1. If we count every other residue with Cβ under 10 angstrom of residue 237's Cβ, Lys/Arg +1 and Asp/Glu -1, where does the sum land?
2. Can you give the extra length, in nm with one decimal, that the chain gains between residue 235 and residue 15 once fully stretched, where that is 0.36 nm per residue apart less the Cα-Cα distance?
3. Between residue 200 and residue 5, what length comes free when the chain is fully extended (0.36 nm per residue of separation minus the Cα-Cα distance, one decimal in nm)?
4. Given Cα pairs under 8 Å that are at least 6 residues apart, what percent is the relative contact order of the chain?
5. Around residue 78, under 13 Å between beta carbons, what's the net of Lys plus Arg minus Asp minus Glu among the other residues?
6. Determine the calculated [θ] at 222 nm for the chain from helices alone, applying -39500 (n - 2.57) to every DSSP H run no shorter than 4 residues and normalising by the residue count; nearest 500 deg cm²/dmol.
7. Along the Cα→Cβ direction, 7 angstrom out, place labels at residue 159 and residue 122. What is the inter-label distance in nm?
8. Taking θ as phi - 60°, what are the ³J(HN,Hα) couplings along the range 160-172 by the Karplus curve (6.51, -1.76, 1.60), each to the nearest whole Hz, with x for Gly and Pro?
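Bear in mind that the values in this text are calculations on the coordinates, not laboratory data. Quantities reported herein were computed from a predicted structural model and do not represent experimental measurements. All Cβ positions, glycine included, derive from the backbone under ideal geometry; neighbour counts span all protein chains shown.
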Amino acid sequence: MADEDLGQLLAAGERAAFHGPPGRAVDALSRAIERAHADGNADAATAALWLLGVALGACGRYGTAITTLTPVLDAGEATGDGSARLFGALAAASLGSIRRQLGRHAEAREADERGLALTDGTGEQSFACLLGLAADAVGLGDAGTAQDRADEAGQLLPERPTEWWRQRVRYDWVRAEIALLNEDPAGAVEAAESAVERAERSRAPRHVAKSLLFQGVAQIQGGGDGTAALRRAATLAEGLGALPLVWPSRAVLGALLAGSDEAESAASLGAARSAVLAIAADLPPGLREDWLARDEIGALLGS
């Protein structure tokens with residue numbers, strides 16, 4: 001099994017995870033893991049495991065993603081090896097993101113703190129954990145901590161604006177979240193539009209979809225019309241099979257159109273319910289019950 005073949009599999013998996021339908025990454029990365037183990041290439045296997053966890057999470061396969069990422073974090077904490085610690089921190093940040101999306105913000109904060117403890121305070125892994133901690137604080141309603149952590153993460157961004165496109169998009173998402181928490185819809189719209197522009201320039205449709213979701217929600221909070229942004233977010237997410245973006249974009253759009261376009265409202269709410277149930281199907285029993293018991297999920301399923 002040639003190293004070049006392994007490199008091609010990793011590249012194909014990374015490209016699909018961040019620039020295409022994340023489901024396409026799963027096969028390439030699963031094969032990369034097998035080849036890396038066969039070649040005795042532990043670093044490549046760890047990198048592929050992290051990317052696989054990212055792709056699974058982006059598809060909404062949260063249970064499988066947690067099972068994939070947890071050993072990467074554990075291995076990072078159990079060894080002094082630099083590569084293991086780097087990917088352990090990245091895995092922690094990815095686990096934090098999944099926990100947040102499940103509404104478990106305190107658990108997300110714990111994961112991000114574990115990841116940050118593996119870093120030296122610099123680099124992509126430190127940025128990911130700090131930004132995760134900012135998002136955790138938003139979910140916990142702590143605007144001050146959220147801003148402090150976001151500022152710390154922002155200080156790690158390279159000076160050249162063309163570097164770290166994905167990190168900059170995610171930074172704008174958190175800026176939008178903090179602005180929404182502070183009831184500053186204009187600031188949230190500005191941050192979301194910045195994220196949309198950067199993600200489009202980077203040809204990253206899943207990141208475009210999430211940025212549009214923030215834009216639509218911010219426009220609504222500001223008293224504007226967010227339907228165009230939400231429709232585009234939903235359409236992109238559905239084309240990518242990105243269930244974590246399908247359900248909120250469709251749910252908000254469906255609620256927004258109730259009373260004005262009953263047919264589109266019903267179709268959007270139905271799509272949101274299907275996405276929520278598909279996500280639930282991949283969760284272990286305890287997490288599945290908690291997910292379905294969330295207020296917004298219960299309201300959606302009962303509507």
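1. Local charge sum for residue 237: +3.
2. Details: separation 220, 0.36 × 220 = 79.20 nm, distance 2.06 nm.
So the extension gain works out to 77.1 nm.
3. Here the segment from residue 200 to residue 5 would lengthen by 67.2 nm.
4. On the way: 503 pairs, mean separation 38.7, N = 303.
Relative contact order, the chain: 13 percent.
5. Its environment carries a net charge of -1.
6. Values: 16 runs with 248 residues, N = 303.
When only DSSP H runs of four or more count, the value is -27000 deg cm²/dmol.
7. Placing both labels 7 Å beyond Cα along the Cβ direction yields 1.5 nm.
8. 6, x, 7, 8, 6, 4, 5, 5, 5, 4, 5, 4, 5
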